[in-house]
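Each value in this text was obtained by applying a stated rule to the coordinates, not by laboratory testing. Not measured: the values here are computed from a predicted model. Reconstructed Cβ throughout: ideal geometry from the backbone, glycine too, with neighbour counts over all protein chains shown.
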Amino acid sequence: MSVANPVLRPADVASLQEAVREHPSVWPRGAGTKTALQPPEGAVVLDLSQLRGVVDYDPQEFTFTALAGTPVREVEELLGRHGQYLPFDPPLCGAGATLGGTLASGLSGPGRYRYGGVRDFVLGVRFVDGEGQLVRAGGKVVKNAAGFDLAKLLVGSLGRLGVVAELSFKVFPAPRARRTIRVDRSDFEGVWEVLRALYTSPFDPEAADLVPPGTVWVRVAGRPESLAARVRRLLDFLSHGAQVVEDDGARVWEEAREFRWVPSGWTLVKVPVTPRRLPELERELGRGDSRRWYSAGGNVAWVAWPGDVSPLAAVLDRLGLRGLRVLGPPGPPFVGRPELDGFGRRVKQALDPLGRFGPYA
Amino acid sequence: MDPARVIEGLRTIYPADRVLVRPAELAPYESDALTAFRARPVAVVLPQHRDEVVATVRWCYEHRVPFVARGSGTSLSGGSLPVPGGVVIALNRLNRILRLDPEERLAVVEPGVVNLEVSRAAAPYGLYYAPDPSSQPVCTIGGNVAFNSGGAHCLKYGMTSNHVLAIEAVLADGEVVRFGGESQEEVGPDLVGLFVGSEGLFGIALEVTLRLVPRPEAYRTVLAAYRSLEAAGDAVARVVASGILPGAVEIMDRLSIEAAEAAVHAGYPQDAAALLIVELEGEEPEVEAELKELLEVVRASGAYEVRLARDEVDRQRIWKGRKSAFSAVGRLSPDYLVQDGVVPRTRLGEALAEIERLSRRYGLRVANVFHAGDGNLHPLILYDGRRPGELERAEELAGEILRLCIRLGGSITGEHGVGMEKRHYLAEMFSEQDLRVMRRLREAMDPGRIANRGKMFPEAQETAALRTA
């Protein structure tokens, strides 16, 4: 963060609203774990770390409501005590990521493969709009079709449409047992075929990540009594080069979730992609210095890039892809194909007419 | 605008046979599945190409003529009720699956494609489209997108919103926009999430990219009969607490069991006060292990009869009874209203007892068939529209049920949408300032307030004037 940015630390939602009303340019921050995302010059940083705590949690409901600055880790520990979890492995949780930051950055970890990402688990929000009004949208129940779904809209909005103050999520019963299988092939094409076959199969793993040059990691989760049979069948399906990992794979999933594989000082970019396009992306990026980790069955390319990202931006643009900077030196959030959409601009104009929350794209 | 001029304008876009104007032609479009209301549009147009939809919207915007997009007209909230004097854009002919890509697990479809057709087309590849509203053999994807339709299997995999990847739409002032992508992940705000469930107030979806999922290897469907509705409700709490995550958890009460049995002979136990349907799905070994525990839980919950679907035919029979419950209830009563409020799952028993009390107080029968796993109620309020005052009484009872859902911390609608039916209750669930933001969004997409006017938010158009009776 630039030294020039003043920081406010609202102690409650009312002071958050006041802070938004009083400043022409504001920028919300949770724990600041997405280091590449930094406030624009002159913006007042709204540090939400004081807006912290679980407001409502009845384990029987399988839902909870918490303030935006609540660390994900805290929530996970609470849920864990009741045999429940957020299945999408919110990233950077070990680094202190908050619920609000997870929603606003729209990031999900490897576990999003099975049941969906942060967008699929958020039920409702209270947020402060560009006029400093506190707005509620969605609800606290698992199913709700009343009014526009602004809770989903705010997923990935980077604080540019409003400041999230409180969130409600649904949760699932946590699997009681897990195993991790790794599949090694001699080249990328080979391992990519493995991922693709798995992707359209009726096998129901919790996570499936591909790490170049030649490894697919598959996490199976469920009931202890059926796990051995499921793993056996999956090993047969994945055939040669597949083996169960000793430590249940905890290390590799932690590495994925916390981006431990990204060298310090490098830029990490999230690139939405589809499984079919992985070889093309790998051909373009595999030549240089970058590192890649393909997650969610090949729906996300995490690209770690050393130094200036403009060559990466050029590649993404050429491939019609767009990425989000997550870690590394600060810069404009989006890289690659420019955003042309008129719908989003209208949304921005409606929620933040005075432009307090920075530009749209 | 003068109706003759509207018709004249539409005929510059369409050949005469695709602009319906005669009363007999308009009649089928005057109402949807909320049959208590009816309104006559000036014309119904039948586009065969997306360009015609865009041209129609632009013409309507230029002349400030309200329009309503319509699929198969299965909305239970009056979502596709025409605006009197407006235009209905019937999208059924835009029914092509433009692309089916099994390897990427997606389908790109036009808005008039029928929900079940997507799954049929995907079936040879072992894939299907998960959202399964009871009307899925006829309802369209465009309507599903507009109202964020649900179904019996939302518990595990969510509603329409969780299965749409990208949308191309014409906004209400004629601009064509595209958002989302083919990936299941995105960067930037979730615009698809905002558009889905916007009830046609932003514009019309022209092309929708859907996520397909692999068909589970195994299903196990358990049917349990109870002596009381409360006991079935308690069983749901036990199932959920056991840590099993079923694909579906449904309850039917005595009235709906009788109706479904009479209509489709589902083979349900006839003396039951309530039936619980629990479906497990997934990998064979996992489902078998879950089934063992589920059967223990269900037996311990006081079920006096527990059946397991023997095969796929048997399973389909169980679901046929459940999914035809709405229309079947039509055999018990000339008219009915369906509500779809949601309550926190732990308050289900309380909600059902209160509905029972309200039913007695109003002297109207209420059949209950609902997505118990989600806390999503579906009370069917039976009435006879020919009896003076009975519709009003039914509406009043419906309103009390909605307020009950709000009071218990739930929602006025789980999957049918606000539509025209519940628009007066949205303000009881949300504050004035919540609604102000929603209205601002609506204005941003529809400065002329012509797209599905009168839905979600109360408008000048008066409810009373649109009543059938």
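A few points about this structure:
- Counting only the Cα atoms, the range A:1-139 fills a convex hull of 108 Å³ per residue.
- For the range B:3-92, the fraction of C-alpha pairs farther apart than 17 angstrom is 41 percent.
- Counting only other chain Cβ atoms within 10 Å of each residue's Cβ, the peptide B:175-183 averages 6.
- Per-residue mean of foreign Cβ neighbours for B:238-244 is 3 (Cβ atoms of other chains, 10 Å radius).
- Fluctuation leader among A:GLU193, A:GLU74, A:GLU225 - chain A, Gaussian network, Cα springs under 10 angstrom: A:GLU225
- Averaged over the residues of A:223-229, the number of partner chain Cβ atoms lying within 10 Å of the residue Cβ comes to 5.
- Within the listed set A:PHE127, A:PHE237, A:PHE64, the residue fluctuating most in the Gaussian network model of chain A (springs between alpha-carbon atoms under 10 angstrom) is A:PHE237.
- Residue order for B:ARG387, B:ARG105, fewest other beta carbons within 10 angstrom first, comes to B:ARG387, B:ARG105.
- Across q = 0.16, 0.26, 0.28 Å⁻¹, the range A:244-297 modelled as identical point scatterers on its alpha-carbon atoms has Debye log10 I(q)/I(0) values of -0.61, -1.15, -1.20, in the order of the q list.
- Mean projected area of the Cα convex hull of the protein assembly as shown, taken over all directions, amounts to 32.5 nm².
- A:HIS23, B:HIS265, B:HIS424 arranged by Cβ crowding within 10 Å, fewest neighbours leading: B:HIS265, B:HIS424, A:HIS23
- Every helix of 4 or more DSSP H residues in chain B counts as -39500 (n - 2.57), and over all residues that averages to -10500 deg cm²/dmol at 222 nm.
- Highest to lowest packing among B:214-224, A:162-172, scored as the average C-beta count within 10 Å: A:162-172, B:214-224
- Label-to-label distance for B:ARG64 and B:GLN270 is 6.2 nm, based on points extended 7 Å past Cα in the beta-carbon direction.
- Amide hydrogen neighbours beyond the local backbone of A:GLY139, cut-off 5 Å, H modeled: A:GLY124, A:VAL125
- Relative contact order of chain B, defined on C-alpha pairs under 8 angstrom at six or more residues apart (%): 16
- Rounded to the nearest 0.05, the FRET efficiency derived from the C-beta distance between B:TYR304 and B:SER242 at R0 = 22 Å is 0.65.
- Pairwise Cα distances in the range A:177-257 exceed 15 Å for 52 percent of all pairs.
- For chain A: lysine pairs under 17 Å (alpha-carbon distance), excluding those fewer than 8 apart on one chain: 7
- Rg to Rh, two decimals, where the range B:38-143 supplies the alpha carbon set and Rh follows Kirkwood: 1.04
- Burial ranking of peptide ranges A:249-256, A:83-90 (average Cβ count within 10 Å, highest at the top): A:83-90, A:249-256
- When all alpha carbon pairs of chain B are counted in 20 Å bins from zero, the resulting P(r) reads 25, 56, 19, 0 %.
- Relative contact order [Cα under 8 Å, 6+ residues apart], the range B:79-207, whole percent: 20
- Out of every Cα-Cα pair that chain A contains, those further apart than 37 angstrom amount to 20 percent.
- With a Cα cut-off of under 22 Å and a minimum spacing of 8 residues unless on different chains, the lysine pairs in chain B number 4.
- Contact order normalised by residue count of chain A, Cα under 8 Å, 6+ apart, percent: 18
- Of interest is the spacing of the C-alpha centroids, which for the range B:121-155 and the range B:272-314 amounts to 24 Å.
- Here the range B:98-214 is assigned +1 on the Cβ of each Lys and Arg and -1 on the Cβ of each Asp and Glu. Its dipole about the Cα centre then comes out at about 400 debye.
- Working value for the range A:76-175: equivalent-ellipsoid semi-axes of 23, 15, 12 Å, each the square root of 5 times a Cα gyration tensor eigenvalue, largest first.
- Computed magnitude of the charge dipole of the range A:42-105 (debye, nearest 20; Cβ of K, R +1, Cβ of D, E -1): 140
- Using R0 = 22 Å, the C-beta based FRET efficiency linking B:LEU98 and B:ALA218 works out to 0.10.
- Distance in nm between pseudo-label sites at B:ASP17 and A:ASP248 (7 Å out along the Cβ direction from Cα): 6.8
- Kirkwood Rh in Å, taken over all unlike Cα pairs in the range A:302-361: 13.0
- Efficiency of FRET between B:ARG5 and B:GLU432 - r from beta-carbon atoms, R0 35 angstrom, step 0.05: 0.40
- B:GLU400-B:ARG120 pseudo-label distance in nm [points 7 Å out on the Cα-to-Cβ vector]: 4.4
- Highest to lowest packing among A:226-236, A:132-142, scored as the average C-beta count within 10 Å: A:132-142, A:226-236
- Alpha-carbon Debye profile of the range B:218-321, log10 I(q)/I(0) at 0.10 Å⁻¹: -0.24
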